[in-house]
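The values are calculated or read from the model by the stated rules, or taken from the named source; none is laboratory data. The structure displayed is predicted, hence computed values, not measured ones. Here Cβ is always computed from backbone atoms with ideal geometry, including for glycine, and neighbour counts include all displayed protein chains.
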Amino acid sequence: MNSIGTPLLITGAVEHSLEMIQRDGPLQPLLEYVQPEEGADHASVRSRDGQFHASIPLDWLIKGRLENGRLRIPSAPTKCWHVKDVVAIELTEGARPDSVRPESFGTCLPDD
């Protein structure tokens, strides 16, 4: 899916919210720009269709990048974090419930 034209929003426990059209590239500079508030340690990453969201520790998310709107995190402990068609990242204090639990969805298994 083409990511051009669909904005990416970064909100939540941040000093500066961010909205941008570009959904390609490393997340580290974006996370540095929004300046997570003290205590923010996770982010809920949401797909455009609203059907999928994953709560990811910031220590892992900062290693990630978007590739045509799809989140990729090298050596992530689960494929569930590879959210497709990302449109929103909400920084939070603590984890939030995921839309799909690894024990109930066969493809959300640890990467080997």
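Side notes on the structure shown:
- Cross-chain or 6+ apart pairs with Cβ under 7 Å, the stretch 64-80 first and under 18 Å from Thr6 (Cβ atoms), then in a helix (DSSP H, G or I): Leu71/Trp81
- Of all the residues in the stretch 81-98, those that are in contact (Cβ under 8 Å) with a residue 60 or more places away in the chain and out of contact with any helix residue (DSSP H, G or I) (no Cβ under 9 Å at 6 or more places or on another chain) number 8.
- Here Arg48 fits the description: charged (D, E, K, R) and out of contact with any Pro (no Cβ under 7 Å at 6 or more places or on another chain).
- When the test is whether a residue is in contact with a Lys or Arg (Cβ under 9 Å, 6 or more places away or on another chain), assigned to a strand (DSSP E or B) and at pLDDT 95 or above, Ile89 passes it.
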